[in-house]
Amino acid sequence: DAKTTQPPSMDCAEGRAANLPCNHSTISGNEYVYWYRQIHSQGPQYIIHGLKNNETNEMASLIITEDRKSSTLILPHATLRDTAVYYCIVRPATTSGTYKYIFGTGTRLKVLA
Amino acid sequence: ETGVTQTPRHLVMGMTNKKSLKCEQHLGHNAMYWYKQSAKKPLELMFVYNFKEQTENNSVPSRFSPECPNSSHLFLHLHTLQPEDSALYLCASSQDRGRGGGRDTQYFGPGTRLTVL
């Protein structure tokens, strides 16, 4: 079962910031939060990940609360090409040492012109 | 481009056919994955290979047979599939650094859209 909870859908006006929330209240101390997005019928695209501190890259910013029970992905200036399903994933460890992602249903973000 | 390629991009097959999906990664990774994404369902992990050894089989039916001849290539052999096996099949790769930690971001290919008639 997925360990994250996301709203099923959100709209955002083009040029505005898109703030996508994720709840991961059962996260363990050594688990990372990863964000991916999937544009229609394509493979998921890696966006960003973090452990405790806030992170920023050329695509987005990731804000993780101090208790690590929730996070927010921020797309600072959303464009129509950002319309996609966004997945928040908490990465558990497997016995093999290879980390297994569990994808939920994500948030369908629609950027409006 | 993520450095992970998949062929073919689209495949239509009958239930009695045998076909194979191919995945190749150019990232120097040592772990490779097969996922299945059915319509309106989350991605489901099928198989994991680490240094060419299968480490995960997520209760996948035997009509799906994976093969990993080396760390750069991964195949999914298909035979006697059912219409409900129609889905997007995704390959991913990562650098597995073991349980001691280290990041292993998975990078996905574009997927193969499979239709079983």
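Using C-alpha positions alone, give me the convex hull volume of the range A:41-86 per residue in cubic angstrom.
About 88 Å³ per residue, rounded to a whole number.
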Simple SL model, points at 7 angstrom along Cα→Cβ for A:L80 and A:E66; separation in nm is 4.3 nm
Listed residues A:C12, A:C88, A:C22; largest mean-square fluctuation, Gaussian network over chain A with Cα springs below 10 Å, found at A:C12
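B:F47: net charge of surrounding residues, Cβ under 15 Å, Lys/Arg +1, Asp/Glu -1, itself excluded?
Net local charge, B:F47 excluded: -1.
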Once the in-chain neighbours fewer than 8 apart are removed, the lysines whose Cα is under 17 Å from B:K22 read B:K36, B:K52
In nm, the gap between the two label points placed 7 Å beyond Cα toward Cβ at B:F51 and A:M59 is 3.0 nm
Sparse-neighbourhood loop hits (GluC sites (Glu not before Pro), the range A:1-75; DSSP loop; Cβ within 10 Å at most 15 others) -> A:E14, A:E58, A:E66
1/(1 + (r/R0)^6) with r = Cβ-Cβ of A:S25 and A:K110, R0 = 30 Å, i.e. FRET efficiency to nearest 0.05, evaluates to 0.65
The answer for chymotrypsin sites (Phe, Trp or Tyr not before Pro) in the range B:13-117 that fall in a DSSP coil and have at most 15 neighbouring Cβ atoms within 10 Å is B:F51
Those cysteines in chain A that have no second cysteine Cβ within a distance under 4.7 Å are A:C12
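Compute the signed sum of charges (Lys and Arg +1, Asp and Glu -1) over the other residues within less than 11 Å, Cβ to Cβ, of A:V33.
Here the charged neighbours net out to +3.
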Listed residues B:P69, B:P83, B:P42; largest mean-square fluctuation, Gaussian network over chain B with Cα springs below 10 Å, found at B:P42
With +1 on the Cβ of every Lys and Arg and -1 on the Cβ of every Asp and Glu, the dipole magnitude of chain A about its Cα centre, in debye rounded to the nearest 20, is 180 debye
Answer in debye to the nearest 20: the dipole magnitude of chain B about its Cα centre, from +1 Lys/Arg and -1 Asp/Glu charges placed on Cβ, is 200 debye
The equivalent-ellipsoid semi-axes of the protein assembly as shown, taken as the square roots of five times the Cα gyration tensor eigenvalues and listed largest first in whole Å, are 30, 21, 15
Reduced to Cα centres, the span from the range B:25-91 to the range A:56-76 in Å works out to 31 Å
Toy charge model, Lys and Arg Cβ at +1, Asp and Glu Cβ at -1: the protein assembly as shown dipole around Cα centroid in debye, rounded to 20, equals 320 debye
Distribution output for chain B: share of Cα-Cα pairs per 5 Å bin in percent, first bin at 0, values 2, 12, 23, 26, 19, 11, 5, 2, 1, 0
Label model pair B:H73, B:K41: point-to-point distance (7 angstrom along the Cα→beta-carbon line) in nm is 3.0 nm
In Å, the Kirkwood estimate of hydrodynamic radius for the range A:1-84 over Cα pairs equals 13.5 Å
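The numbers here are math on the coordinates, done by the rules we state, and not lab data. Values in this document were obtained by computation on a predicted structure and should not be read as measured data. All Cβ positions, glycine included, derive from the backbone under ideal geometry; neighbour counts span all protein chains shown.
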